[in-house]
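The values are calculated or read from the model by the stated rules, or taken from the named source; none is laboratory data. Computed from a prediction, not measured in an experiment: that's the story for all the values here. Counting neighbours? That spans all protein chains shown, and the Cβs are built from the backbone with ideal geometry, glycine included. Only protein heavy atoms, including side chains, enter the accessible area calculation; ligands, DNA and RNA are left aside. Shrake-Rupley method; radii C 1.70, N 1.55, O 1.52, S 1.80 Å.
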Number of protein chains: 2
Amino acid sequence: MADPISRRDLDFQLYEWLDVEQLTKFERYADHSKDTFDAVLDLAQDIAIKKYAPFNKLLDQNEPYVGEDGKVVLPDVTAEGVREFLAAGLIAGPFGEELDGGSLPATVHQAAMTWFQAANPAMSSYTFLTVGNANLLATYGTPDQIDTWVKPMLEGRYFGTMCLSEPGAGSSLSDITTKATPVGDGTYRVTGTKMWISAGDHELGENIVHLVLAKAPGGGPGVKGISLFIVPKFLEDGTRNDVALVGLNHKMGQRGTTNTLLNFGDGTFPVGDDQGAVGYLVGEEHKGLFYMFHMMNEARIGVGFLATAIGYAGYLQSVEYAKTRLQGRPVDAKDPASKPVAIIDHPDVKRMLLAQKSYVEGGLALGLWSSTLVDRAATATDEDERARAALLLDVITPISKSWPSQWCLTANDLAIQVHGGYGYTKEFDVEQCYRDNRLNPIHEGTHGVQAIDLLGRKFVMKGGAGLQVLIETLTETIDRATAAGGTAAEYAATLRPYVERIPATVMTVWADGDPAVALANATAFLEAAGHTVLAWLWLEQFLAAAGKDGDFYDGKRAATQYFFTYELPKTGPMFDLVAAKDRTTIDTPSDWF
Amino acid sequence: MADPISRRDLDFQLYEWLDVEQLTKFERYADHSKDTFDAVLDLAQDIAIKKYAPFNKLLDQNEPYVGEDGKVVLPDVTAEGVREFLAAGLIAGPFGEELDGGSLPATVHQAAMTWFQAANPAMSSYTFLTVGNANLLATYGTPDQIDTWVKPMLEGRYFGTMCLSEPGAGSSLSDITTKATPVGDGTYRVTGTKMWISAGDHELGENIVHLVLAKAPGGGPGVKGISLFIVPKFLEDGTRNDVALVGLNHKMGQRGTTNTLLNFGDGTFPVGDDQGAVGYLVGEEHKGLFYMFHMMNEARIGVGFLATAIGYAGYLQSVEYAKTRLQGRPVDAKDPASKPVAIIDHPDVKRMLLAQKSYVEGGLALGLWSSTLVDRAATATDEDERARAALLLDVITPISKSWPSQWCLTANDLAIQVHGGYGYTKEFDVEQCYRDNRLNPIHEGTHGVQAIDLLGRKFVMKGGAGLQVLIETLTETIDRATAAGGTAAEYAATLRPYVERIPATVMTVWADGDPAVALANATAFLEAAGHTVLAWLWLEQFLAAAGKDGDFYDGKRAATQYFFTYELPKTGPMFDLVAAKDRTTIDTPSDWF
C-alpha cells in the first residue's frame, strides 16, 4: 500500500525550501535542531502508518452510533490510535515549556500532523480539535482555567471541541441564539442548541471541554453580543453538566468522526436548581468572536492541511495504481497484438497525475509556508518581522483554507478517474478520499465566505497593507527568478503580469465603493488569486530544486511546468470577469429560478 | 419535495425549441401528435414521482446482496417500480410496429425517461439496459432471435445486459479473453469472466439476456477478433445456462443497481457434456464490436442523459433549499439586527444556481438535440438528411456523453455547497446525487477515451466531413442570431471566434500527423469543444425564447448570459494549450512520479 504522504517531499519542503532549521534562531525553538524535528516526523510517520492508516476504511464503514446506555460507541481502533498518539506526547508538541509542551514550531508540528490527516482523517480529528481548543484557552484563559482545562487536555485525559454553529446559524454567527446568564458567582448558565459539533460526544477520555459561543445579556445585536464560554461535559468535581447529546449527523464522508447536535441546559442533566449548563466565561464578555477568530487563522490553515493530506493520499495511491495497472497501447502503436502498457504511459493519465501532483504538493507548500508565518508572527525577534508575518498570515488564510479544499478535492476526483471503474468501488480507497474531502469547502467558513473575507476584508484592511506585503513577497521571488535566468526567468516573466492583476483587480472592483458590486464575483477572485499564489509557490519550489539532479527534482520541475502551462492560464478569464464587475448574478431575481 | 425534472423546461425544449411535432411528418411517427407525446410525458412523470422518487434514498441505503440461496436480493420497491414501468408499456415506446412498439421518436422517449433517471437513477437502469440490449438485437438479430429474446424483453418478462468489460480489459476491449467455441450445431460455448456488468443478476424477471463480447476462433488480433453472442441465463427450454454470479461490486453510488462479476462457463451450471455457457452468435463472426459500437452512440447519449438527470434533480433541490433557508444579510446591509434573508439572495448562491441551471438545462438541450439526430438519421425521408444527421450524431456523441458527465457532476457539487453542512449529510439528497453521478465520467468509455474518439477519430474521419457539418450547424445559428440583431447578435459575435477555433485547432494539432502529439491534450480539446457547443445550445435556447415574457423565459436569458460570461471564456486557455501542442505530459517519464 502506498504511503499516505511522501516523506521525501516533506523533507524537501521543510529543509531544502523553507529552511525550517532557521527557526531555531528564535528563543522559543532554540532547543530544537534538525535532529529533533526529524524525530517528531519519524514518530508521526510510524504511528500514522501502524495505527491510523490500516483502519481508515474500517472507520468509514463503522460509523459511530449511540448505544443503549446513551453513550457513543466508536470502533476500538479509534481509541487505540488516539491513545498511541497521546502517549507519544504529540498533542503537546506545539505548546511551550510553561505547559510542558514540546515548543515545536507550528511548521514542523503541522508537517508531522499531515501523516495522521492523510492516513485516517476521521481518526485524526479527535486530537486535532483538542489542540485547537487548548491553543485558544492557553492564550485567552486565566491561569486557573489553564490548569483546570488545558493541562488535562495536553496530558491526553480531556478532549476539546468548538461549538459555534447552530441549526439556524452556520455561516451567520451573529444569529446564534444560545444564551448565557450570569448567576452571580462568576459562573454562567448556558442554554441553547449547537449543530455540527465534531467530536461533540464520545468516551475516549475523562471529559470533553466544549468552547461555546453564546450571548450574554447586555451585548449589542449581531456579532458584538457574542461571548465565549468553557462548558465541560463534567464539572471539576465530577458532576455531570447539562450538555446532552441529541443526535449524530450522518455524513457522506469523515464518518469516523462523531458529528453531533448538542443541547446545552435542556434539563437532561440538571445541575443544582438553576436551569442551564454551567459555563465559565473566557476573557471578557462580548469579545467571544474576537477570541475565536484570533485562532481561526490556524484552524483554517488546518482545514487546508486536511484537504491537502487527503488529496495527497489519493494521489500516491493513483500513482501506484497507474504504474502497475496494464491497459491499452500507445495511440501510435502499430501492432494490435503488442503487450498492453502500464496506464501511466498514457498521456492523459500522466496529465491526471501531474495535475494531482501540482495540487497536493502545492497545497502542502501553501500550508507549510503559511505555518512559517504562524511561527514568525509568534516568535520572531524583530517586531517588524512579527507584524509583517502576522499581516501576511491574515491575508493568506482565506487562500490557505480554500485553495486546497477546492483543488485537492479535484485531485481526489482525478485519483478516482485514474483507477477507472475500480476507483468507483469500495475495494480501493480513493472513493473514500473523495467523500472525506468534500467536507472541506464547507466547514470553518465556506468557500464563498472565504472569498468575501479575502476581497472584502483582508485585501482592503489597513489601507491594503496586507495586500501590499503579499505582492512584495511574490515579487521578491519573481525578481530572484528573473536574476537566475533560464527557465526560472521565463516562469518569472509569465507570472509577473498575473501577480500584478491581483492589486489592479482589487482597485477596480472597489473603485465605486459599492460592496454589492465589488463582491459579486468574489469567488472568482479568490480562485484566481489562489491559483496565482500557487504558481508562485511552484516557482519557489522550482528555485529550491535548481541545480539538483534526480527523479525527485525532475518531478518538481515537471509539476512546475504543468502548473504554469495548464493551470495558471485558467486565471485569465477569471480576472477578466471580476474586473468587468459583471452583474449577472446580482441582476437575476430569485423568481427566475 | 422538489420535482426531479422541470416539466416546463421539457415542454420548452421539445415544443418551443426543437419542435418535435415536426418529427410526425416522418412515416414512422405519423400516428403521433403533441397529444400522444404529452400522454407519454405525463405517464412517465406520474410513475417516476410515485414509484421511483420516494425510494431513491432507500435503494442507496439498502444495497443488493446475495442471499443464502445464492440469489440476488433487491428491495421490494425496485420490483414494484420496475413492474409499474413495464405495465405502462414504456419499455416498448421507441420500438416500431413490427415489435408492437410505440413508434415513439427517440427524442420524446428520452425526454420521458429523464423522469426516471432523475427520480431514481439506480432503479431506472434495469429497464434502460434492457432497452439498449433489445435495440441492438432488434437491429442485428435474426427473426428467430428477435422472437425468442427481444419480444419477451419488450413484454417485460426478460431483462437484458451488455457484457463487454473484463477484470483486465475495460477501456481496452481488444484485450478481452472470453472465448467462444463453435460446437457444430450453430451454437457456441462461451467461457470467460465479465466485470462491471450492471443488472448482471437479479430476480426481477423470468430471464436475463446477456449480450457478450467474446473471441471466436479465426479472428485476428485486437478488436477484429471479437464477436457478439446472446448468452441467456436460462435457455429457451428453461435449462439453467452456465452463467454464474461470482460477486457484487460495492460502489460509491448507483448502489441500487447490482453490479456484477460474472463467470461464463466455469462449470457451476453445466449444460450437457460440453464446457461453456451456451451462446448464440449475433450477425457474423468477428463483427461484434461493429454491432456494439453501432449502438454505442445511443448508449453514450444515454449516459449523458443520466448525468444530466441527476444534475437536474440536485439543481431543483438546491433551488428549493436556497429559497427557504434563511441565513445572513446582504453585504451592504447596515443593520446587524435586520432579519436574515433567504440564501438565494446572496450573489454567490445565485452564481451557484445559475451555474447549475446552465449545466443541467444545457445538458438536457444537448441530449435532446442529439436524440433528434438519432430520429432523423433513422427516419428522415431524404437520404441526404439521414446521412447528415448520422454524421452529426457520430461527431457529437463524445461530447453528448462527456460534457454532462463532467458538468452535471459539477452541478451536484454546487448543489451540496448551496446546502452547506446539511448538503454533506444523508438528511438531504444532494450528497447521493454527487455520488451517483460520479460514475458517469467512467463507464461507457471514460472521459479520456471520449477525448481521443473526438479528436483522433470523429473530427478527422471522412476527411473531416463530420466536423464540417458540425461547424455548419453552429454557424447557421450564429448567422441567424446575427441577423436577429440586439443581444442575440452580440452573443453571435462572441461565439463565432470560439467556433472557428474548433476546426483551426484540429488542423493545427494534426499538421504533423503525429498522433502522440496531436492527442496529447485531447481532453482539453474535448472540454473546450464541448463548452463551445454548449454556448451554441444556449444561443439556440435564447433564440427560442426571443420575444416571450415571463420568469421562465427570463431565466433562460439569464442562464444564457451566465454561460457566455462565466463559462465560454474558460475555453480560451484550453484551446491555446491544445493549439500549442504542449508536450508536458508526454515528456514526463513515469519515474518522476
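Assorted remarks:
- Cβ pairs under 7 Å, 6+ apart, first in region A:304-325 and on the phi < 0 side of the Ramachandran plot, second open to solvent by 10 Å² or more (accessible area, probe 1.4 Å) and of a type in the set (Ser, Thr, Tyr): A:316/A:6; A:323/B:590
- Given (1) touching a Gly at 6+ places or on another chain (Cβ under 9 Å); (2) buried (at least 16 other Cβ atoms within 10 Å of the Cβ), index of the condition residue B:520 fails: (1)
- When region B:275-328 is filtered for residues that are of a type in the set (Lys, Arg) and either in a helix (DSSP H, G or I) or under 30 Å from residue B:141 (Cβ atoms) (or both), the ones remaining, listed by number, are B:287, B:300, B:323.
- Restricting region B:154-180 to residues that are closer than 18 Å to residue B:241 by Cα and part of a loop (DSSP other than H, G, I, E, B), the residue that is least open to solvent (accessible area, probe 1.4 Å): B:178
- Residue in region A:317-335 that is surrounded by the most Cβ atoms within 10 Å (Cβ to Cβ), counting only those that are within 9 Å of chain B (Cβ to nearest Cβ) and not charged (D, E, K, R): A:322
- Residue selected from region B:1-27 under the condition of a type in the set (Ser, Thr, Tyr) and not in a loop (DSSP other than H, G, I, E, B), by the criterion farthest from residue B:538 (Cα to Cα): B:24
- With respect to being away from chain B (no Cβ under 12 Å) and not hydroxyl-bearing (Ser, Thr, Tyr), residue A:526 falls outside the description.
- Residue A:537 meets the conditions (1) more than 12 Å from chain B (Cβ to nearest Cβ); (2) of a type outside the set (Val, Ile, Thr); (3) open to solvent by 10 Å² or more (accessible area, probe 1.4 Å) in every case but one. The failed one is (3).
- Filtered residues of region B:478-511 (kept if closer than 29 Å to residue B:452 by Cβ and part of a loop (DSSP other than H, G, I, E, B)): B:510, B:511
- Residue count for region A:448-470, restricted to those that are under 30 Å from residue B:330 (Cβ atoms) and more than 14 Å from chain B (Cβ to nearest Cβ): 11
- Where residue A:64 falls short, out of the listed (1) closer than 21 Å to residue A:368 by Cα; (2) touching a strand residue (DSSP E or B) at 6+ places or on another chain (Cβ under 6 Å): (1)
- When residue B:414 is tested against (1) free of Cβ contacts under 8 Å to residues at least 40 places away in the same chain; (2) under 23 Å from residue B:343 (Cα atoms), just one condition goes unmet, and that condition is (1).
- Qualifying residue in region B:365-377 (condition: among the acidic types (Asp, Glu) and open to solvent by 20 Å² or more (accessible area, probe 1.4 Å)): no
- Residue check for residue B:129: open to solvent by 10 Å² or more (accessible area, probe 1.4 Å), over 23 Å from residue B:289 (Cα atoms) and assigned to a helix (DSSP H, G or I): no
- Any chance residue A:339 is under 34 Å from the mean Cα position of the chain (by Cα) and open to solvent by 10 Å² or more (accessible area, probe 1.4 Å): no
- Residue satisfying condition, being within 25 Å of the chain's Cα centre (by Cα), charged (D, E, K, R) and closer than 23 Å to residue B:425 by Cα, within set A:394, A:453, A:436: A:436
- Where helices (runs of 4 or more DSSP H) sit wholly within region B:382-463, those with at least 3 residues that are open to solvent by 30 Å² or more (accessible area, probe 1.4 Å) occupy B:383-419.
- Residue B:53 meets the conditions (1) surrounded by fewer than 21 Cβ atoms within 10 Å (Cβ to Cβ); (2) of a type in the set (Gly, Ala, Ser); (3) part of a helix (DSSP H, G or I) in every case but one. The failed one is (1).
- Number of residues in region A:9-49 that are open to solvent by 50 Å² or more (accessible area, probe 1.4 Å) and either assigned by TED's automatic domain parsing to the domain that holds residue A:541 or of a type in the set (Gly, Ala, Ser) (or both) equals 2.
- When residue A:508 is tested against the conditions (1) of a type in the set (S, T, N, Q); (2) surrounded by fewer than 16 Cβ atoms within 10 Å (Cβ to Cβ); (3) away from every other protein chain (no Cβ under 14 Å), the lone failure is (2).
- The number of residues in region B:543-593 being free of Cβ contacts under 8 Å to residues at least 40 places away in the same chain, hydrophobic (A, V, I, L, M, F, W, C) and either open to solvent by less than 30 Å² (accessible area, probe 1.4 Å) or at the interface with chain A (Cβ under 7 Å from one of its Cβ atoms) (or both) comes to 2.
- Residue in region B:362-378 that is over 20 Å from residue B:474 (Cα atoms) and touching a helix residue (DSSP H, G or I) at 6+ places or on another chain (Cβ under 6 Å) present: no
- Elements of type strands (runs of 3 or more DSSP E) contained in region B:181-274, each with 3 or more residues being touching a helix residue (DSSP H, G or I) at 6+ places or on another chain (Cβ under 6 Å) and open to solvent by less than 40 Å² (accessible area, probe 1.4 Å): B:207-215, B:226-232
- So residue A:87, is it open to solvent by 40 Å² or more (accessible area, probe 1.4 Å), closer than 27 Å to residue A:6 by Cβ and at pLDDT 95 or above: yes
- Candidate set from region A:464-499 (those that are of a type in the set (Ser, Thr, Tyr) and without any contact (Cβ under 8 Å) to a residue 40 or more places away in the chain); member that is most open to solvent (accessible area, probe 1.4 Å): A:482
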